[in-house]
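What follows is a short report on a single structure.
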Amino acid sequence: MTADLLLTNANVLTMDPARPRARSVAIASGRILAVGAGPDGPSGVQAREVADLRGATLLPGFHDAHNHMASYGLSLGEADLRSEVTPTLGDLYRAVAARAGATAPGDWVIGSGYDQNKLGAHPDRDGLDRAAPGRRVWLRHTSGHMCVVSSAVLADLGLADEPADVPGGKVVTDATGRPTGLLQEKAQALVAGLVLPYPVSVLADAIDRAGARYLSEGITSVTEAGIGGGWIGHTPVELAAYQAARDTGRLRVRVELMIASDALHPLAAHPGDGLELGLDLGIRTGFGDDWLRIGAMKIFTDGSLVGRTAAMHEDYQGTPGDRGYLQADAAELTATIIAAHRSGWQVAAHAIGDRAIDLVLDSYAQAQQRFPREDPRHRIEHFAVSRPDQVGRAARLGVIAVPQGRFATELGDGMLAAVGPGRHEWLYRQRSLLDAGLTLPGSSDRPVVTGAPLLGVHDMVNRRTAAGVPFNPAEAISAHEALRAYTSGSAYASHAESSRGMIAPGRLADLVVLSEDPTAVSPASIADITVLATFVDGECRFDISGSGQLT
Ligand SMILES: [Zn+2]
């Protein structure tokens, strides 16, 4: 056997239960050819090129199972309002003023990443008007579930002095009934109506920028958690941006695209086909190839936990009577989920609060009862506040829960405050999901929080908030389990476990080389490990020296 490339002298964590550890890997035609127990290579394999990894750790490339790639790429060109960068409201307004000064007078001033839990309050229209007089300013909350706009934007929307009712959302007002600039959930679509659609070329540039960052963090594939509609979509032709990036050699990582539920529509198929709901031509989950493929239908059932809009059975702590809300009528959400299931879609339902999770579990159970389907692998994105009985029910239904490890550090304090001590043990489970037999993927929800997988793994193991408070520590998992989540777990959630997520013969040669073994260092130092190189399709697409030399 002749390999294109032989990686020798490596500490290989294969994620293959049949053979967890190895010392060398041979690659041919973009796939794993053979795995060797010895450091010099699998026996009987010749190679055109050999790279000595000098004891570095080799893993399957990381797959972020829930991220927002174009939004992240766009955010790299906007004002950065994360609390590390603008810790106070004063700093935030100064950053808005600076951004306004750096853009043409008629252009929008856009920023993202603020968190009122860290700032003490939401920014408001008056502050924005002082920072950038007369300008259209649009600041997105770190959760993505709300935003704040300036008076100029409110005027464009006819909301300068008058509030408005928006089903599934809120135009927040002060005590006198004057809008403050804060728009929650579906009210954000009003702003979107002014700025959308983005041009395909702008989105392709954003996809390129995001992909370059991903490779430097060891990410070789991602699931983009909703395109083409709703308040998260950028244009109804969003898939064209990914194709444009691919056509021009700028799709740097493999991408699975979830489709926003409102991009799906009734299909005029033969009634016997059962294809009620979908995209034109009957395109659905699974269409595409190893580089670009259609994933699940993404449906929002509720909002955000730190924003206190997620649908709960009991009140948020400290705000009696406030239990959040569903994003649409419960019967309507269930009907959409069942129709998508019947029409062959994998469904990925965003559900944060225990009330929303009940609604989704009920919908999946009904869907499967009425229209049984082999292995649909429906997902619940976030699965943030779950009772013990909901874990068991998700396991019985074969549902994949998709929590985000990094939320512990960056959003954990706000989440603990929102639910109160009585529900701390329900927050962002991992251990009890694995113990119940669920498959756990790894994901970030970037740009909601920092997306580097090693930070995610660090938090999945350490579970501490920014204030240093333990974040439901009983749900911590081992470094090996967290790495398995970011590799084989994520592959499974994408129906891709036969091609990805494991270093074994025949699998795609998507690999990451790390300076140290996350399972061997002290848990507190996992975040300090360096990504040395990243391979996609058997080719080195990132190396830390920038020289094209691996070591
Ligand atoms: Zn998301």
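Taking 0.36 nm per intervening residue step and subtracting the Cα-Cα distance, what contour gain separates S216 from V85 on full extension? Show your work: numbers first, answer last.
Working: separation 131, 0.36 × 131 = 47.16 nm, distance 2.16 nm.
Length gained, S216 through V85: 45.0 nm.
In nm, what is the difference between 0.36 nm times the number of residues separating D537 and Q46 and their Cα-Cα distance?
Between D537 and Q46, full extension yields an extra 174.8 nm.
Of H66, H270, how do they rank once you tally other Cβ atoms within 10 Å and put the fewest first?
With the sparsest Cβ surroundings first, the list reads H270, H66.
Only bridges with both residues in the range 207-338 count here: give the DSSP antiparallel percent, nearest 5.
The antiparallel proportion sits near 25 percent.
Which order results if D115, D445, D459, D4 are arranged by neighbouring Cβ count within 10 Å, fewest first? Please report the intermediate quantities before stating the final value.
Details: D115 21, D445 25, D459 28, D4 17.
Ascending Cβ contact count within 10 Å gives the list D4, D115, D445, D459.
Which loop GluC sites (Glu not before Pro) in the range 351-452, with loop taken from DSSP, have no more than 10 other Cβ atoms within 10 angstrom of their Cβ? Please list the in-between numbers first.
Numbers: sites: E374, E381, E410, E425; in loops: E374.
Of the GluC sites (Glu not before Pro), the ones in loops of the range 351-452 whose Cβ has at most 10 other Cβ atoms within 10 Å are E374.
For a quick check: with amide H placed at 1.01 Å from N, whose amide H comes under 5 Å from L292's, ignoring anything fewer than 5 positions away on the same chain?
The answer is V255.
Once each part is reduced to its C-alpha centroid, what is the distance from the range 256-285 to the range 124-203 in angstrom?
Their Cα centres are 32 Å away from one another.
Can you list the trypsin sites (Lys or Arg not before Pro) in the range 1-52 that are in a DSSP coil and have 14 or fewer other beta carbons within 10 angstrom?
Of the trypsin sites (Lys or Arg not before Pro), the ones in loops of the range 1-52 whose Cβ has at most 14 other Cβ atoms within 10 Å are R48.
Provide F471, F383 in ascending order of the number of other Cβ atoms located within 10 Å of each residue's Cβ, fewest first.
Least to most surrounded, the residues fall as F471, F383.
I need the shape label for the range 484-551. Rule: rounded when a/c is under 1.5, else prolate if a/b > b/c, else oblate, with a, b, c from the alpha carbon gyration tensor.
Values: a/c = 2.58, a/b = 1.19, b/c = 2.17.
Cα axes put the range 484-551 in the oblate bin.
Suppose a student asked you for the relative contact order of the chain, using Cα pairs under 8 Å spaced at least 6 residues apart; what percent would you report? It would help to have the intermediate numbers written out before the result.
Working: 1328 pairs, mean separation 88.8, N = 551.
Answer for the chain is 16 percent.
³J(HN,Hα) across the range 512-523 via Karplus (A = 6.51, B = -1.76, C = 1.60, θ = phi - 60°), whole Hz, x for Gly/Pro?
For the range 512-523, the Karplus-derived couplings read 10, 10, 10, 5, 9, 8, x, 7, 10, 7, 5, x Hz, x marking Gly and Pro.
Can you tell me the convex hull volume per residue for the range 1-121, based on C-alpha atoms, in Å³ to the nearest whole number?
Details: hull volume 23.5 nm³, N = 121.
So the per-residue Cα hull volume is 194 Å³.
For the chain, just say rounded, prolate or oblate: build the C-alpha gyration tensor, square-root its eigenvalues into a ≥ b ≥ c, call rounded for a/c under 1.5, and beyond that prolate if a/b exceeds b/c, oblate if not.
Judged from the Cα gyration tensor, the chain comes out prolate (a/c at least 1.5, a/b above b/c).
Based on the alpha-carbon gyration tensor of the range 438-551 and its eigenvalue square roots a ≥ b ≥ c, which shape applies: rounded if a/c is under 1.5, prolate if not and a/b is larger than b/c, or oblate?
oblate
In whole percent, what relative contact order does the range 346-440 give with Cα contacts below 8 Å and a gap of six or more residues?
31 percent
Want the number for D315 to R250: 0.36 nm per residue separation, take away the alpha-carbon distance, what's left?
18.7 nm
Can you grab the distance from the C-alpha centre of the range 377-402 to the C-alpha centre of the range 496-551, Å, no decimals?
Each part reduced to its Cα centre gives a spacing of 30 Å.
A175 to A102: FRET efficiency via 1/(1 + (r/R0)^6), r the Cβ-Cβ distance, R0 35 Å, to the nearest 0.05? It would help to have the intermediate numbers written out before the result.
On the way: r = 36 Å, r/R0 = 1.02.
Calculated value: 0.50.
Could you give me the ³J(HN,Hα) list for the range 459-465, computed from phi with Karplus coefficients 6.51, -1.76, 1.60 and θ = phi - 60°, whole Hz, x at Gly and Pro?
6, 5, 8, 8, 6, 10, 7
What is the spin-label model distance, in nm, from D375 to M1 if the labels are put 7 Å beyond Cα along the C-beta direction?
2.4 nm
Which residue, chosen from A340, Q317, Q327, occupies the Cα position most advanced towards the positive end of the dipole of the range 287-342, where the dipole is computed from +1 (Lys, Arg) and -1 (Asp, Glu) charges on Cβ about the Cα centre?
Most positive-ward Cα: A340.
Treating only the Cβ of Lys, Arg, Asp and Glu as charged (+1, +1, -1, -1), what charge dipole size does the chain show about its Cα centre? Round to the nearest 20 debye.
Values: 49 positive and 63 negative charges, 121 e Å.
I would put it at about 580 debye.
Calculate the length of the line joining the C-alpha centroid of the range 288-356 to that of the range 1-65, in whole Å.
Using only Cα atoms, the two centres lie 41 Å from each other.
Could you give the dipole magnitude of the range 441-547 about its Cα centre, charging the beta-carbon of Lys and Arg +1 and that of Asp and Glu -1, in debye to the nearest 20?
Result for the range 441-547 is approximately 180 debye, rounded to the nearest 20.
No lab work stands behind these numbers, since they all come straight from the coordinates. Only a predicted model underlies this, so the values are computations on that prediction, with no experimental measurement involved. Cβ atoms come from the backbone with ideal geometry, glycine included; neighbour counts cover every protein chain shown.
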